[in-house]
Amino acid sequence: MYVEKFNSKNRNDIYKLWYDIYYIEMNRNHKYVCHNKKTIIDELEDSSTILVLKNSNKQIIGTSRINTPYDNLYEYFDFYKLNHFEKNKVAIVTKFMIEREYRKNQTSYILALSTVEYCKQNNIEWIIMDCSPRLYDFFEKLGFKEYLGIKYSEEYGEVKIMKFNVNNYFDGLLSNDKLKKKKKKNILLQNEG
């Protein structure tokens, strides 16, 4: 398994993964669902960076989408109160998801660490995201801190808004010995050319 920045303009495999997880698995009534194509494509897509987690067959099994306030963040800017951060030092992460069959091992940690590494490489100091109740503990173990508490999202229901200080990521994410070994094996974010 490895993580890379998705460079293709054809994101249909990603959009189908989002549909499968958000609509089929989680039964979320996402306003951007297209049932004919079985995809989810929302307004953040035009400007997003997507990191993809691929299995040994090079199939996309997970995603982490990154946007900054330089992008048009629509309602996310106010929902996450991004005005509390320096504009060029904060990013939001959405669509952090992994296919069900791959969630039991270290894949979530690998994708999270790669997301942090990407943000660090791009001089982002803070990651802001929300997560559903079943993921609170996972993100807290990684070092995410509660930021705005519990909020209600029209599309996702109850979510906790969390923040992560990228400059301190060795204190949280890399405290896991298994991840240190995986990092040495170079399965994390693949650098571009």
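The values are calculated or read from the model by the stated rules, or taken from the named source; none is laboratory data. Since the model is a prediction, treat every value here as computed from it, not as a measurement. In this analysis, Cβ positions are derived from the backbone assuming ideal geometry, glycine residues included, and neighbour counts consider all displayed protein chains. For accessibility, only protein heavy atoms count, side chains too; no ligands or nucleic acids. Shrake-Rupley method; radii C 1.70, N 1.55, O 1.52, S 1.80 Å.
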Whole-Hz ³J(HN,Hα) from phi, Karplus 6.51 cos²θ - 1.76 cosθ + 1.60, for the range 20-28, glycine and proline x: 4, 7, 5, 8, 5, 6, 8, 6, 8
Where Thr49, Thr63 fall by accessible area, highest first, once all protein chains stay in place (1.4 Å): Thr49, Thr63
Grab the DSSP H runs of the chain that are 4 residues or longer, score each as -39,500 (n - 2.57), total them, divide by all residues and round the 222 nm result to the nearest 500 deg cm²/dmol. -6000 deg cm²/dmol
Please list 38-48, 124-134 highest first by mean number of surrounding beta-carbon atoms within 10 Å per residue. 124-134, 38-48
Could you tell me the relative contact order of the chain? Use alpha-carbon pairs under 8 Å, at least six residues apart, and round to a whole percent. 21
What full-extension length gain, to one decimal in nm, is calculated for Asn27 and Asn83 as 0.36 nm per residue of separation minus the Cα-Cα distance? 17.0 nm
When the accessible area of the chain is computed with all protein chains present and a 1.4 Å probe, what percentage of it is carbon and sulfur? 43
What residues of the range 11-35 lie in the reach of a label at Ser132, counting those whose backbone N is under 20 Å from a point 7 Å from the Cα along Cα→Cβ? 14-35
Could you give the nm distance between label points at Ser153 and Arg100, where each point is 7 Å from its Cα heading toward the beta carbon? 2.0
What is the antiparallel percent of DSSP beta bridges lying wholly in the chain, to the nearest 5? 90
For the range 6-76 versus the range 94-144, the gap between their alpha-carbon centres in whole angstrom: 15
For the chain, what does the alpha-carbon gyration tensor say about shape, rounded, prolate or oblate, given a ≥ b ≥ c as the root eigenvalues, a/c under 1.5 as rounded, and a/b over b/c as prolate? rounded
Tell me, what HN-Hα J-couplings in whole Hz come from the Karplus equation 6.51 cos²θ - 1.76 cosθ + 1.60 at θ = phi - 60° for each residue of the range 59-68, using x for Gly and Pro? 8, 6, 10, x, 9, 9, 9, 10, 9, 10
In Å², and per residue, what accessible area does the range 1-112 have when probed at 1.4 Å with the other protein chains present? 53
Can you put Met162, Met26, Met1 in order of accessible area, largest first, using a 1.4 Å probe? Met1, Met26, Met162
